[in-house]
Amino acid sequence: MLLPNPPLPPSFDNEGDRMVYTGRFAPSPTGPLHFGSLITAVASYCDAKANQGTWIVRIEDTDIPRIYPDSEQHILKCLDAFEFESDVEIIYQKNRLDLYDAAIEQLQQKQLVYACECTRKILGSNHIYTGTCREKHLDFANQAIRVKVSDQNICFQDHLQGQHCSNLQTDLGNFVLKRRDGIINYQLAVVVDDYLQGITHVVRGADLLDNTERQIWLGQLLGYPQLEYMHLPLAMNAQGQKLSKQNLAHALDIQHAPELLSQAISALGQQPVDIDQPHKMLAQAVAQWDIQLIPKGTEIQGIFK
Ligand code: GLU
């Protein structure tokens, strides 16, 4: 199967002078949305709209065993309650597995991927894969699929965090694109869908900063255009941990959507907006949006729950 062409032109409009902006909010239904997710939704939405861009919602549900019951419904209910509207129909990655397999096939034809039979037990606690299976030429069926990386620094200029670099060979080694159980890894699904949806700008939490070089590398191997990145500081709880599903962050309470929205806009350092219907608050936040005001660094201090 061949990958279809992306629906939108990559960077410039017909006159070739104004940058076309397509952003996205891509939650994984591994737990209900929390205040940290709201910050990401608000920032990705405001940044796209303040740049006359398109904003897309995508549900990242390839990791079936980690899907938390009813969290997909909770995400949709929140989007509704906070009056966020995706400019195109919401896509679900679990319905797009053929596309990710097609990307693996494309890499396989260029001999950029290989099958790996190493179990977690064999790998032990060593987080850097040394390439044990690289020359074994194993059959792809029922094995993990790894992509080759090279010994070079990959750097990008993050709109908030500045320059970020990684050498995938020394920091990580050849990494998994598809697990032995057939689950497509997040890194691959995100890169393929960002391309196919014509995404130009990625706005997300700084917890994903370290994934970016892997995604840039994959994009380069697949011949995709380079994206712009903005990694947001993370809201921390009273214990100094980032709000996350693992740290049992509170699910967003849709009964209090306007108040929560106002708090998220303030947490992003933006000028306050009047408490009103959420879509009006969002419109005001877009009109006032200024990325210079976003707190510097990778953490937002405050007592968030
Ligand atoms: N699905 C990821 C998450 O919920 C976000 C992916 C991304 O924005 O690249 O953490």
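The values are calculated or read from the model by the stated rules, or taken from the named source; none is laboratory data. Fair warning: this is a prediction, and the values are worked out from it, not measured in the lab. Glycine also receives a Cβ, built like all others from the backbone with ideal geometry; neighbour counts cover every protein chain displayed.
A search for C-beta distances below 6 Å between a residue of the range 49-64 that is within 14 Å of Arg96 (Cβ to Cβ) and any residue that is at pLDDT below 95 and surrounded by fewer than 22 Cβ atoms within 10 Å (Cβ to Cβ), counting only pairs 6+ apart in sequence or on different chains, returns Asp61/Ile67.
Only one of the listed residues (Leu243, Leu293, Leu248) is among the aliphatic types (A, V, I, L, M) and modelled with pLDDT of 95 or more. That residue is Leu293. Mind checking whether some residue in the range 275-284 is β-branched (Val, Ile, Thr) and surrounded by 13 or more Cβ atoms within 10 Å (Cβ to Cβ)? No, the range 275-284 has no match at all. Looking at the range 147-203, which of its residues are part of a loop (DSSP other than H, G, I, E, B) and within 16 Å of the ligand (Cβ to nearest atom)? His159, Leu160, Gln161, Ile183, Asn185, Gln197, Gly198, Ile199, Thr200 - these are the residues of the range 147-203 that are part of a loop (DSSP other than H, G, I, E, B) and within 16 Å of the ligand (Cβ to nearest atom). Select from the range 65-88 the residues that are in a loop (DSSP other than H, G, I, E, B), of a type in the set (Val, Ile, Thr) and either more than 17 Å from the chain's Cα centre (by Cα) or within 17 Å of Pro258 (Cα to Cα) (or both) and list them in ascending order. Scanning the range 65-88 gives a single hit, Val88. Which residue, of Asp181, Asp101, is closer than 24 Å to Ala26 by Cβ, loosely packed, with under 15 Cβ neighbours inside 10 Å and of a type in the set (Asp, Glu)? Testing whether each residue is closer than 24 Å to Ala26 by Cβ, loosely packed, with under 15 Cβ neighbours inside 10 Å and of a type in the set (Asp, Glu) leaves just Asp181. Within the range 95-113, at least one residue is modelled with pLDDT of 95 or more, farther than 25 Å from Gly205 by Cα and part of a strand (DSSP E or B). Determine whether the range 217-226 contains at least one residue that is more than 27 Å from Gln52 (Cα to Cα) and among the aromatic types (Phe, Trp, Tyr). Looking for residues that are more than 27 Å from Gln52 (Cα to Cα) and among the aromatic types (Phe, Trp, Tyr), one finds at least one in the range 217-226, hence yes. In summary, Leu208 fulfils each of the numbered conditions (1) assigned to a helix (DSSP H, G or I); (2) buried (at least 21 other Cβ atoms within 10 Å of the Cβ) with the single exception of condition (2). Can you tell which of Gly223, Gly219 is more than 9 Å from the ligand (Cβ to nearest atom), more than 18 Å from Asp47 (Cα to Cα), assigned to a helix (DSSP H, G or I) and free of Cβ contacts under 8 Å to residues at least 40 places away in the same chain? Exactly one residue qualifies, and that residue is Gly219. Among the residues of the range 86-93, are any closer than 21 Å to Ile254 by Cβ, polar (S, T, N, Q) and either without any contact (Cβ under 8 Å) to a residue 60 or more places away in the chain or surrounded by fewer than 20 Cβ atoms within 10 Å (Cβ to Cβ) (or both)? Looking for residues that are closer than 21 Å to Ile254 by Cβ, polar (S, T, N, Q) and either without any contact (Cβ under 8 Å) to a residue 60 or more places away in the chain or surrounded by fewer than 20 Cβ atoms within 10 Å (Cβ to Cβ) (or both), one finds at least one in the range 86-93, hence yes. Quick check on my filter: what residues within the range 12-56 are modelled with pLDDT under 95, at negative phi, more than 19 Å from the chain's Cα centre (by Cα) and not aliphatic (A, V, I, L, M)? If the condition is that a residue be modelled with pLDDT under 95, at negative phi, more than 19 Å from the chain's Cα centre (by Cα) and not aliphatic (A, V, I, L, M), then Phe12, Asp13, Asn14, Glu15, Asp17, Arg18 are the ones that fit. When you scan the range 118-126, do you find a residue that is of a type in the set (A, V, I, L, M) and either touching an Asp or Glu at 6+ places or on another chain (Cβ under 8 Å) or modelled with pLDDT of 95 or more (or both), even just one? So far as the range 118-126 goes, no, none of its residues is of a type in the set (A, V, I, L, M) and either touching an Asp or Glu at 6+ places or on another chain (Cβ under 8 Å) or modelled with pLDDT of 95 or more (or both). The residues of the range 165-174 that are of a type outside the set (S, T, N, Q) and surrounded by fewer than 18 Cβ atoms within 10 Å (Cβ to Cβ), listed by number, are Cys165, Asp171, Leu172.
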